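I have placed the structure first, in the form of structure tokens, so that the comments after it can refer back to it.
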Amino acid sequence: MADGSGFYAPTLAQLFGAVPVTLLILLVSMTLATLLAAVLTACSASASPGLRAFRAGWTFLFRGTPLILQIFMIYYGLAMLPWIRWGPAWPAFRDPIFCTCLALTCCCSAYIGEVFRGALAAVPAGEIEAGKACGMSRLQLLRRVIAPALIRIALPSYSNEVIMLAKSTSLASTITVLDITGVAQGIISKTYRTLDVFLCAAALYLLINAILSAGLRAWADRLSIDRPTPKAVEPL
Amino acid sequence: MSGLALLGFGPDGWGRLLLSGCLLTLQVSLCSMAIGTVLGGLLAWARIRGPRPVRALTAAYGIVLRGVPELLVIFLLYFGLPSLIASLWSAMGWPPPGLLPAFVTGGLAIGLVSAAYQAEVFRGGVAAIPVGQFEAARALGLTDLLCLRRILIPQMLRITLPALGNVWQFNLKDSALVSVIGLAELMRVSLVGAGSTRQPFLFLSAAIVLYLVLTSISDLAFRTLDRRFSQDAKEAS
């Protein structure tokens, strides 16, 4: 068609208008999922079998089912429970954006928790022992020794999970949220130019993910200041 | 009617439909996994051995397919593929084909995404094999095909198995997304059941249990295979 620029410019502008919604869902879920993942990791390292079982069950449930099912369950399924439907939390559970964020937080915390757990196992035991030998308190040990090493080890896999999360935000459109995908579907129902609109949306997601992964890589690069590994002392 | 009767196999029960949904979920996942393995293998091969422009193209494929939401890939194929085929067909002077079944589009969409991930897995697997083995194979005069069959594939199977297990689990869960284009797999069936009985909690819970069964069985299968492979490798060495 001749109206190439006449169509793409307003379409992209409309889709751009939905970027804040997508970013809001992404940032809220990413922050909460990371915090929850830290709690889950603490559970996995805990001496209490109850906490360890809770983490295992949580991980099993949320990694073993599709995210779209979790979103539907929280948005449609939980509304059937009387204590949700008539409880104080109903205004929140009625809101599709809240439900998406809740589902994404729960789901991604399970995945990120596994990343953190793997990284925790990879923190050199000698460093922790050395910290203890220096008389560090548990909090000091966590803050000065374990957390810095853990973040450095976990960052590459963590970035993957964040990208996954960014892509998963598109599922919000299935429960009526007007995020990028939702707005794209709205434009299509008016213009019927399915392919063009979806391609524009795909380009936007690619852009968001490119920025995300560039930022995370820059952070990883800054953390992994490859300090020259101490060379073995030359034998005299 | 009580919940159990609704999920059961009686005349008004949804049990049979839910089970056939499970079967369709498995079929879509298996097809997309197979597509992903073949295409992913080719992509990895092109990425390692291809000339520079081909390598750049395969890299771009990976970036795009791993950076765009699966939901959009499904929509793009569902709406884009028929018009592409129609224009191709009309260019050949054939009559326009009908709509593609959701199974084909959905399986292909998940398969294309799976290929991008599997290509990375295979690339990592090849990198894990010592270069000396390839040099030795060449020194012994093995052809490329023989080297692939005798040296690369047996070791790749063992090295990449855990990662392939992960990809399979993602495939299984991504197949639920095909429900948005109307394929009556597990997710779709449970949504239809939820809608027509007005019992979303019951039906979505059933779907959660069934998905957990599917993922647990696959996990067990991959673990068993992995144990057997690593045992074989230990005995061989």
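The values are calculated or read from the model by the stated rules, or taken from the named source; none is laboratory data. All of these numbers come straight from a predicted model, not from anything done at the bench. Cβ: placed from backbone, ideal geometry, glycine included. Neighbour counts: every protein chain shown. The accessibility values were calculated without ligands, DNA or RNA, using every heavy atom of the protein model including side chains. Shrake-Rupley method; radii C 1.70, N 1.55, O 1.52, S 1.80 Å.
For a quick check of your reading of the filter: which trypsin sites (Lys or Arg not before Pro) in segment B:142-237 sit in a DSSP loop and have no more than 12 other Cβ atoms within 10 Å? Write down the numbers at each step before the final one.
Values: sites: B:R149, B:R150, B:R158, B:K173, B:R188, B:R198, B:R223, B:R227, B:R228, B:K234; in loops: B:R198.
Qualifying residues, ordered by number: B:R198.
So if R0 is 45 Å, what FRET efficiency would B:L225 and A:A130 give, r being the distance between their Cβ atoms, rounded to the nearest 0.05?
Numbers: r = 40 Å, r/R0 = 0.90.
With R0 = 45 Å, the Cβ-Cβ based efficiency is 0.65.
Of the options B:G21, B:L72, B:S230, report the single residue whose Cα projects farthest towards the positive end of the charge dipole of segment B:3-236 (beta-carbon charges: Lys, Arg +1; Asp, Glu -1).
It is B:S230.
On the principal axes of its Cα set, how long, how wide and how thick is chain B? Give whole Å, largest value first.
Reported extents, whole Å, longest axis first: 73, 56, 28.
If you average 1/r over every pair of different alpha-carbon atoms in the protein assembly as shown and take one over that average, what Kirkwood value in Å do you get? Don't skip to the end; give the middle numbers.
Working: mean 1/r = 0.0401 Å⁻¹.
Over the protein assembly as shown, the inverse of the mean reciprocal pair distance is 24.9 Å.
What is the calculated FRET efficiency for A:A79 to A:A9, with r their C-beta to C-beta distance and R₀ = 30 Å, to the nearest 0.05?
Efficiency for this residue pair is about 0.15.
Calculate the dipole size of segment B:114-174 relative to its Cα centre from +1 charges on Lys and Arg beta carbons and -1 charges on Asp and Glu beta carbons; express the result in debye to the nearest 20.
140 debye
Can you tell me the 0 to 90 degree angle between the C-alpha axis of helix A:180-191 and the longest principal axis of chain A, rounded to 10?
It works out to around 10 degrees.
Treating the beta-carbon of each Lys and Arg as +1 and of each Asp and Glu as -1, no other charges, what is the dipole magnitude of segment A:7-225 about its Cα centre, to the nearest 20 debye? Let's see the in-between values first.
Numbers: 16 positive and 8 negative charges, 73 e Å.
About 360 debye.
Averaged per residue, what accessible area in Å² does the protein assembly as shown show with a 1.4 Å probe, protein chains only? Please list the in-between numbers first.
Working: 25010 Å² over 473 residues.
Per residue, the protein assembly as shown has an accessible area of 53 Å².
Based solely on its DSSP helices, what 222 nm [θ] is calculated for chain B when runs of n ≥ 4 H residues each add -39,500 (n - 2.57) and the sum is averaged over all residues, nearest 500 deg cm²/dmol? Present the calculation step by step, with values, prior to reporting the outcome.
Values: 10 runs with 189 residues, N = 237.
Roughly -27000 deg cm²/dmol at 222 nm, from the helical runs in chain B.
Please report, in whole Å, how far the alpha carbons of chain A spread along each principal axis, starting with the longest.
Each principal axis gives a Cα extent; for chain A these are 80, 54, 25 Å.
Please name the residues of segment A:61-83 whose accessible area, counted over protein heavy atoms with a 1.4 angstrom probe, falls by no less than 40 Å² between the chain alone and the full protein assembly.
A:G64, A:T65, A:P66, A:I68, A:L69, A:F72, A:M73, A:M80
With a 10 Å cut-off between alpha carbons and a GNM built on chain B, which of B:I159, B:I110, B:I48 moves the most?
B:I48
Putting +1 on Lys and Arg Cβ atoms and -1 on Asp and Glu Cβ atoms, find which of B:G165, B:P154, B:L84 reaches farthest to the positive end of the dipole of the protein assembly as shown.
B:P154
Along Cα→Cβ, 7 Å out, is where each label goes; now give me the distance between the ones at B:L145 and A:D95 in nm to one decimal.
6.3 nm
Which chymotrypsin sites (Phe, Trp or Tyr not before Pro) in segment A:24-102 pass both tests, a DSSP loop state and at most 12 other beta-carbon atoms within 10 Å? Each step should come with its number before you reach the end.
Values: sites: A:F54, A:W58, A:F60, A:F62, A:F72, A:Y75, A:Y76, A:W83, A:W86, A:F93, A:F98; in loops: A:W86.
Loop-located and lightly packed - A:W86.
Which one of A:L165, A:L81, A:L51 has the biggest mean-square fluctuation once chain A is modelled by GNM with Cα springs under 10 Å?
Fluctuation is largest for A:L81.
What is the mean number of Cβ atoms from other protein chains located within 10 Å of the Cβ atom of each residue in peptide B:61-73, rounded to a whole number? Numbers along the way, then the final one.
Values: counts 0, 0, 4, 4, 0, 7, 13, 11, 14, 5, 10, 12, 3.
Going residue by residue through B:61-73 and averaging, the value is 6.
So if I place +1 on the C-beta of Lys and Arg and -1 on the C-beta of Asp and Glu, and nothing else carries charge, what would the dipole magnitude of segment A:74-170 be about its Cα centre? I want it in debye, nearest 20.
Working: 9 positive and 5 negative charges, 37 e Å.
Its charge dipole is roughly 180 debye.
Work out which helices of chain B, taken as complete DSSP H runs, extend at least 30 Å along their axis over the Cα atoms and score a mean Kyte-Doolittle of 1.6 or more, then list them.
Numbers: long enough: B:15-49 (50 Å, 1.26); B:70-92 (32 Å, 1.77); B:102-127 (37 Å, 1.12); B:200-236 (53 Å, 0.59).
For chain B, where a helix must reach 30 Å along its axis and average at least 1.6, the hits are B:70-92.
Which of A:R55, A:R138, A:R217 moves the most in a Gaussian network model of chain A with Cα springs under 10 Å?
A:R138
Any residues in segment B:208-232 that have 50 Å² or more less accessible area with all protein chains than in their chain alone, probe 1.4 Å, and which are they?
For segment B:208-232, once contacts with the other chains are taken into account, B:I208, B:L212 lose 50 Å² or more.
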